[in-house]
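The numbers here are math on the coordinates, done by the rules we state, and not lab data. Bear in mind the structure is a predicted one, so any value in this text is a computation, not a measurement. For neighbour counting, all protein chains shown are included, and Cβ atoms are generated from backbone atoms with ideal geometry for every residue, glycine included.
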């Protein structure tokens, strides 16, 4: 309402709310608003800080002058003594205004002046309260760009502006006196704590510095001693976690009504009992919301001056600045979120005015001419995949394209394809492809759930790929054979039954070969397992049986000898699947013989042909039964093992015997009522025991019934699973009522019931009453019987309660009774207590044994149902075909069969290539010799028979001959596998985004028009030629290791930082560095930063995109390795800024690695293109000669713009396992912008096709 009144009667022409609604805001709005000191401020240039060991740059002196003015003083150059050179700012004269107010005169009335604020919704004639609020804010926001020395500027401020000793005592609002100190409290991230201590010791050694770890971590000092110790210091350093932990001590507890006075006062935080001269929040963006524990404590700490120090105050948008205004206590914004919201939504001029007065920022581009930071060189190096990595990446890329509904060039496969429909899928696959470009293990560990274990080498990754490829062959082979079986079924009941028989006979032969291979594989695995056991045990180990390659290799106790061995289980599963196909083919062949025999048009009854077909039919059905038995052998043997064990126990009467409860007739006058209840409970429990025995006998009888299909003459009806269901349902009901009765018995003994069994019983009874669940009528009848013998907890209690009652009676009897009734009563009571306790012990033991027995019943029951489930599945697999059977359906089946055949050929060709890589080992990337053209090639084709040719030659050959040029084996198109052999060669990446590829001197690092420079090819060769003694860990890891070794020779003593967006890659890199004895530390390890700075043996420091590295000073490093290109350049700049900052004494070098022909090239080109656009040098369409060279100042300006425009909190994906965030509009360009030449050439040639097209 107030806004509407103001808009009507006192309109504000400057408010965007009244002009065009809400404006668009970005982090850049703050950076453009921040104050930049006057370049001609000669007074500031005269600032000298004698107590500072370092010299301030001119822009730093101007900053210090501004800091002083924000604290109410200034530097006066007329004095020579630094202390006396600080003077108070003169009082402002004739202040006629306040922030957000404008002046209006009442022209129609009295002519008085009054002031209007559309932001505050205030009309007033007195600005004093608002002016006082502005003037009372001492301090502000120091927002220098990263690396410009904010720490040194704050130290200079501390050294120059001390607290005057003549100040009066300071009190809290409650009237408590605070201890006044001249100390500055610095709050910093824990990772920067030691860095602040070191910087203070280096630049201002005269200052007394103390680290405050928190009240709960200080035990020896009293609260008063601690407070005085802190007040004595010049600087006190603490951390944000410590400040958050102090919340409990800092806030006064609420008053509560008490019956008595509090005996002890709760300990308070000493930080809140000191009037600090100055509080500085380093990396102040960490309190952006203003509602965290650290922000709450920081706001209430008593202080005179307050500073937020951060190079990136805006992480998402300008609303992040609210936490800083809250800390500065800038009213009314700190107490009114409504006014703050209005400021950041519709009052951009006022926003700029506000932060132009309380925030300062210099950029590197602005002060480059003043600082002496050594130059930085940047090199982008292109690496080739190893052959194994190339194959892995190519397969993943094809899977990506298939899952995203496009071909391998990115063209949609469906006319209605939209990016929005596949956005999440594309983002997931882009992340996987980027991870695989670093190391395949990153993807495999996450995909397979393999979180722990040693890192795999490239050779081990190849072994895993071969194993997976072998599994793919078996899977595709089974699918192909199943398609052929279905084809035969469609012809079975037609005149083409003989063709169906031919198909099935062919499938049977293929399946028999597959079964033999699986048997051999299982035998090899079992032999290896036996060898391992033999080597780890001292005693003799039973040799593997000759027939151990079947599925019935089960111990007599029913436990699979390899149950805990994944390889054994996988090998048995393969054999089982192969047997399933063989069983179908054999059974269908028997069906075909029957069909042909029964068709009088094909076979004359009682003829020799008829009898022969009858024999063949019987033989095939017999073979099918034997195969079925082997398929079921594992579940059959397990079930029979448990059943036989129950049978042996039944014959030997070895089941649990429930002791009978007997009661002594003697009762006393006092104990009589209790003993009568106990006697009744005994009788009920004995009846219950009889019923439990009866139910156990019923369960054993059901469990020991013979399994169908175990007798040779037993006929398989196809309803085995259905028939067994009735028995199974009865078993379930009996087991359930047994569990309930045993739980009742346990409760009657101990008094403790089972809430779980009671709940299960209620649910089952409710379902049975509705006619649902297993055997509902039987269940209700059995539970009625159970209720008849269930002791009542209220009426009968329990044996343990009876003992308690008897003990209570004994305690009431006189202790000095010498004979007579009392002595007799005591004797009866104690005798019954002993007897009852004996019963409790025996009955508890029996009930526990009953529970274990019921568990064995359950195991046997589950084993039976699993057997029948598998038997039913086998029966269903040979059921008659019931689908469509017209010509169109048959044609579709044939087409599907052909597709599976082509896929199988393709998978076999890939498997052959992987085996070839395994055979060649370290030479797998070397060029090959083509026997056709007699030259070496790097892009070729591998045939399924294992021969290699260059692509052009085989293309010409295949047009005329569809066989192998060497062995003359007939070849199908799908049996050819394209190969790309990339020699291990490092190259400088050509900036295709800038359209340049200039010729450079191979011995010089010459700057080009791109952002990155060219590096000497001879030096690249030196890095590449370094031999590694151990196994390969992949292109990126191996190259990085070689590079570190090369730096040891070319730049001795140099240290490096290594950055990647993926924390998981650092784990892989660390394992490789350990193998090669390269000293390193990481940001996540305790004291990792300190070790890197102080330990000469630590060559590398690793950190990742999710680490909080803001403010980290690593100028002892001179090399930065970026493990992958980044689309969000701000992430890259944050990493580089750790070394490219004031204090750096050496030239720095940035090495960017990217994999040739991968999505990394697309990402790199897109990133460079955008940075060039920021520099106004979008060179699309320009020639190499016309493109101007990128100047360093221009690049710095673009980098600054990139940082200021970025929403830093949104640079990384929300998925913690993923990397940087990628916008939807960039996904296609990142995935397909630079499709590898190998894939493009393959498609263009028309010989090698994508598997989906085959």
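So for the stretch 326-445, averaging the separation of alpha carbon pairs under 8 Å that are six or more residues apart and normalising by length, what relative contact order in percent results?
15
Stretching the chain fully between residue 1095 and residue 138 yields a gain of 340.4 nm (0.36 nm per residue, less the alpha carbon separation). Placing a label point 7 Å from the Cα of residue 479 along the Cα-to-Cβ line, the residues of the stretch 394-432 whose backbone N sits under 20 Å from it are 394-408, 413-414. Highest mean packing first, where packing is the average number of other Cβ atoms within 10 Å per residue, the peptides 857-867, 882-892, 1129-1139 line up as 1129-1139, 857-867, 882-892.
The distance linking the stretch 845-872 with the stretch 724-791 is 16 Å (Cα centroid to Cα centroid, whole angstrom). Each label was represented as a point 7 Å from its Cα along the Cα-to-Cβ direction; for residue 767 and residue 649 these points are 2.5 nm apart. Between residue 956 and residue 46, full extension at 0.36 nm per residue minus the direct alpha carbon distance yields a gain of 319.4 nm.
Taking 7 Å steps out from each Cα toward its Cβ at residue 368 and residue 1210 produces label points 2.9 nm apart.
Taking other Cβ atoms within 10 Å as a rough exposure proxy, 422, 734 sort from fewest to most as 422, 734. The packing ranking, built from the mean of other Cβ atoms within 10 Å per residue, places the peptides 793-806, 221-234, 349-362 in the order 349-362, 793-806, 221-234, highest first. Sorted largest first, the spans of the alpha carbon positions of the stretch 672-877 along the three principal axes are 86, 36, 22 Å. Placing pseudo-labels 7 Å out from each Cα toward the beta carbon at residue 24 and residue 887 gives an inter-label distance of 6.3 nm. For residue 750 and residue 494, the difference between the fully extended length at 0.36 nm per residue and the C-alpha to C-alpha distance is 84.9 nm.
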